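Quick notes on the structure that follows.
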Amino acid sequence: MLYRESGQFISDYRADRRLFRLWQERAGFYLLLVFAFAVVPFIANDYWFSAILVPFLVLSLAGLGLNLLTGYAGQLSLGSAAFMAVGAFAAYNFHLRIEGLPFLLSFILGGVAAAGVGILFGLPSLRIKGFYLLVSTLAAQFFVQWVLTSVGWFSNNNASGVITAPPLLIWGRDFSSPAGRYLLTLAVVVALALLARNIVRSELGRHWMAVRDMDTAAAVIGIPILKTKLLAFAISSFFLGVAGALWAFTYLGTVEPHGFDLTRSFQILFIIIIGGMGSILGNFLGAAFIVLLPILLSNLSGTVLAGLIDPGQLENLQKIIFGGLIVFFLIKEPFGLARLWQNFRERSRIWPLRY
Amino acid sequence: MLRVVQQGLKLAAAIGLGSSLLSASLFAGSAQAANEQYFPLQSYRVGPYAAGGTGFFGGFIDYLQYVNTKEGGVNGVKFTWSECETEYVVEKGVECYERLKKGLNGAPAAATNPLSVGIAYATLERSAADKLPLITINHGRTDSTDGSVFPYVFPLQLNPYSEVSAIINYIATKSGGLDKLKGKKIVTLYHGSPYGKETNPILELLAKKYGFELTLLEVPHPGNEQQSQWLNIRRIKPDWVILRGWGVMNPVALKTAQKTGFPADHIIGNIWSNSEEDAAPAGSAAKGFISITTHPSGTNFPVLQDIDKVVLKAGKGNLQDPKRFGTVYYNLGVVNGILNVEAVRVAQAKFGKRPLTGEEVRWGFENIRLDEKRLKELGAYGLVQPLKLSCSDHEGGGAVRFQQWDGSKWNVISDWVQADRKLLRPIIEESSHQYAKEKGITPRDCSKES
């Protein structure tokens, strides 16, 4: 009833290929975009922009990158943070060493560099699967961090190896204000999310899913395994690389190899597990859960419980609650938050009747 | 019907409710202007560096409490503060910075003191944009000493370059003069991180200048395995080992040194290898270990005695374990408190006896004049070094004392040893000017500042 598809007929190929086939979904999507681009910049304050919205968007994009690889193509990886680091440092170096390179182009080149490294570390996936592959991507995690720390060239021979991002100038306009950073991040994330949604519906996306479900069967029906797996690594790393560049340039404003350690890889993995594997929306829900909930807990405990409990204990208490909530959600919905949304949609389709 | 509602509720709980609660809690609290000055504290009480965080912020809070209780604040303006846990993690520190920078209940923020290199780097530009001083006592970005390029950053007392320079000067006095350094063998064992590597170029420069043989050995993070490095040291047979450690790396270094037969009294720990928490876990292996410090530990200073009387005995102390009163990290917090409060006091003398903005407090920091007389008034003579900051010099002191571990506590074994700041200044300026060029900053003209 609420979400009715009856009466919406598809009569030509163009309509069949739309991203969202139902008018309800299209309207919701456009409303959300208008809200994010035109309303949020006027109602949010600095704290929301710089501490909540920007990291939420960047981590959603990182989750999206990993989801393409793990959720769609079925290849496990623990090297996400390493690919982010490659993207961040490559974007920094392209911007530094090529005079007059447009800012957005250096993001893209950073992503391309990450894609290259991704292909390299994706090679073992042709022979090994599952948890064994996970371990070999772990090598990427340690190797990249080690290289970036020990080769001074990557950080422009900065003594401490920490680099600060250049001013965010695009077409002569300064995006350094908190609202500007948010809009820039949002634009990149929306563009890439749309791209991802199209990729997973393309021939390549269907190849990925075939490989995920059973790669021997996929090979038998003529899907080139080598190309499919390596493209999965390349495209996933591209997304992660751009996310890393955004993390360094629009969020923190500094680039430091230590910021992209194993903990970050785990964080991204948790985003897609909680959000939902094989879903675009799930990354945003998962990132919201991982980013917003601890901040919410910390703000609540800061205002409600401050002074009553020792601050150190309070912090540990928050961790316990957060961990408990993760367990609760995974028990209630093992397929992630995206599945909750899907269930809601299906139920509201037939509401108020039921089977 | 019911199930639809249930599903909807679940989803709302997941996203919608969360954000509305968040905003509700963010805007809670009245906005009544009070006659108070606020300190946002990006503290860390859990995680791997909790020992440092609880000590430092404990000392800092106790000193603010002391000034409030004893004198009713500065000229009637009381201090207020609130904490936000960072766990030493950069993003959490940034979130805390953004959350707290606006002040509390109308009391404006005076300065931020994250005590973390990573958070300091990430909030460096934000501080300049928000006009809020960023205090990185004893650490931080070396070239931020140049206040003409970094108006809002203060690596008070000692920056990393001064630190190594002072250590080399101390070795020189032990050897009988700077000319005696020629041919000496010095090994630096450093933590494999940006912090650890920061001083390597300066050590190389000093080695060239004074003609000592320098070997740089890296210990990968976290540093709980150092067998190969110490076997190397045994082969080199150095006269001195400089330990530029961090956390667990320090006690492991001392234990491994004992195993390989290197004497602890020829190991000199740097500013983050100088606490009780670094030496005590190594047990007997730490006996004789020397380290630098900008402030002696112990409780024999009038200001600490007074804090004990006014704050701790009254049950208002911040430390969970009262035994840590007077330890290195706690005293660093007290020193940090003294300097922050002094800056507020100096600024109030110029701008009026009221809560000040960050910009005004910055002026206060730049005009801190701590001579022996003032230090005696504060009861901190011998605890804080004489300090004179200016528009172009945001470090001020650059002197350290040396202390030795006797198996249970630190004993001060030297007077103030000064770093060769004249030698370091051109290197700092070169680096800060390069930063200014990258960022398109026009350095302030310090001759025009009053």
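The values are calculated or read from the model by the stated rules, or taken from the named source; none is laboratory data. It should be emphasised that the depicted structure is a prediction, and the values quoted were computed from it without experimental measurement. Methodologically, a virtual Cβ is constructed for each residue, glycine included, from the backbone with ideal geometry; neighbour enumeration extends over all protein chains shown.
What to note about this one:
- Residue match in segment B:96-104 (condition: within 11 Å of chain A (Cβ to nearest Cβ), over 19 Å from A:Asp46 (Cα atoms) and surrounded by fewer than 22 Cβ atoms within 10 Å (Cβ to Cβ)): no
- Filter result for B:Val400 (of a type in the set (Val, Ile, Thr), within 21 Å of B:Ala279 (Cα to Cα) and either buried (at least 21 other Cβ atoms within 10 Å of the Cβ) or touching a helix residue (DSSP H, G or I) at 6+ places or on another chain (Cβ under 6 Å) (or both)): yes
- Scan of segment B:63-85 for residues that are free of Cβ contacts under 8 Å to residues at least 60 places away in the same chain and assigned to a helix (DSSP H, G or I), ordered by number: B:Asn68, B:Glu71
- Residue within segment A:219-227 that is surrounded by fewer than 20 Cβ atoms within 10 Å (Cβ to Cβ), within 9 Å of another protein chain (Cβ to nearest Cβ), among the β-branched types (Val, Ile, Thr) and assigned to a helix (DSSP H, G or I) present: no
- Restricting attention to segment B:189-222, the residues that are at pLDDT below 90, assigned to a loop (DSSP other than H, G, I, E, B) and either among the acidic types (Asp, Glu) or in contact with a strand residue (DSSP E or B) (Cβ under 6 Å, 6 or more places away or on another chain) (or both) total 2.
- Single residue of segment A:294-307 satisfying the filter (modelled with pLDDT under 80 and of a type in the set (Val, Ile, Thr)) that is surrounded by the fewest Cβ atoms within 10 Å (Cβ to Cβ): A:Val304
- Of residues in segment B:115-133 being away from every other protein chain (no Cβ under 13 Å) and under 17 Å from the mean Cα position of the chain (by Cα), the one farthest from A:Phe175 (Cα to Cα): B:Leu115
- Qualifying residues in segment B:23-46 (those that are in a loop (DSSP other than H, G, I, E, B) and modelled with pLDDT of 80 or more) - the one surrounded by the fewest Cβ atoms within 10 Å (Cβ to Cβ): B:Asn35
One line per residue, one yes/no per condition, for (1) polar (S, T, N, Q); (2) out of contact with any helix residue (DSSP H, G or I) (no Cβ under 7 Å at 6 or more places or on another chain); (3) part of a helix (DSSP H, G or I); (4) surrounded by fewer than 18 Cβ atoms within 10 Å (Cβ to Cβ):
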residue	(1), (2), (3), (4)
B:Ile292	no, no, no, no
B:Ile307	no, no, yes, no
B:Ala314	no, yes, no, yes
B:Leu319	no, no, no, no
B:Gln348	yes, yes, yes, no
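- Residues that are among the small types (Gly, Ala, Ser), in a loop (DSSP other than H, G, I, E, B), away from chain A (no Cβ under 14 Å) and more than 26 Å from the chain's Cα centre (by Cα), drawn from segment B:409-450: B:Ser450
- Matching residues in segment B:86-116 - criterion: being among the basic types (Lys, Arg) and either outside any loop (DSSP other than H, G, I, E, B) or outside the structural domain of B:Ala129 (by TED's automatic domain parsing) (or both): B:Lys92, B:Arg99
- Selection over segment A:244-273 of residues that are assigned to a helix (DSSP H, G or I) and within 14 Å of another protein chain (Cβ to nearest Cβ) gives a count of 19.
- Checked across segment A:8-23, the condition of being under 22 Å from the mean Cα position of the chain (by Cα) and aliphatic (A, V, I, L, M) holds for at least one residue.
- Residue that is surrounded by the most Cβ atoms within 10 Å (Cβ to Cβ), among those in segment B:135-176 that are within 12 Å of chain A (Cβ to nearest Cβ) and in contact with an Asp or Glu (Cβ under 6 Å, 6 or more places away or on another chain): B:Asn159
- Residue in segment B:136-159 that is in a helix (DSSP H, G or I), more than 22 Å from B:Lys439 (Cβ to Cβ) and within 15 Å of the chain's Cα centre (by Cα) present: no
- Looking across B:Glu218, B:Glu204, one residue alone is without any contact (Cβ under 8 Å) to a residue 24 or more places away in the chain, under 27 Å from the mean Cα position of the chain (by Cα), surrounded by fewer than 22 Cβ atoms within 10 Å (Cβ to Cβ) and not assigned by TED's automatic domain parsing to the domain that holds B:Val117. It is B:Glu204.
- Residue selected from segment B:398-408 under the condition assigned to a strand (DSSP E or B) and at pLDDT 90 or above, by the criterion farthest from B:Ile167 (Cα to Cα): B:Trp405
- Residue check, A:Ser348 of a type outside the set (Asp, Glu), over 25 Å from the mean Cα position of the chain (by Cα) and either part of a strand (DSSP E or B) or within 25 Å of A:Val54 (Cα to Cα) (or both): no
- The set of residues in segment A:313-355 that are within 15 Å of A:Phe270 (Cα to Cα) and among the hydrophobic types (A, V, I, L, M, F, W, C) comprises A:Phe322, A:Leu325, A:Ile326, A:Val327, A:Phe328, A:Phe329, A:Leu330, A:Ile331, A:Phe335, A:Leu337, A:Ala338.
- For segment B:125-132, the criterion of a residue being acidic (Asp, Glu), crowded, with 24+ Cβ neighbours inside 10 Å and either on the phi < 0 side of the Ramachandran plot or assigned to a loop (DSSP other than H, G, I, E, B) (or both) is satisfied by no position.
- Hits in segment A:308-323 - residues which are in a helix (DSSP H, G or I) and either over 24 Å from the mean Cα position of the chain (by Cα) or buried (at least 16 other Cβ atoms within 10 Å of the Cβ) (or both): A:Pro311, A:Gly312, A:Gln313, A:Leu314, A:Glu315, A:Asn316, A:Leu317, A:Gln318, A:Ile320, A:Ile321, A:Phe322
- Those residues of segment A:1-39 which are part of a helix (DSSP H, G or I), in contact with a helix residue (DSSP H, G or I) (Cβ under 8 Å, 6 or more places away or on another chain) and closer than 24 Å to A:Phe344 by Cβ, in sequence order: A:Leu33, A:Ala36
- Of all residues in segment A:324-339 being part of a helix (DSSP H, G or I) and touching a residue at least 40 places away in the same chain (Cβ under 8 Å), the one that is nearest to the other protein chains (Cβ to nearest Cβ): A:Leu337
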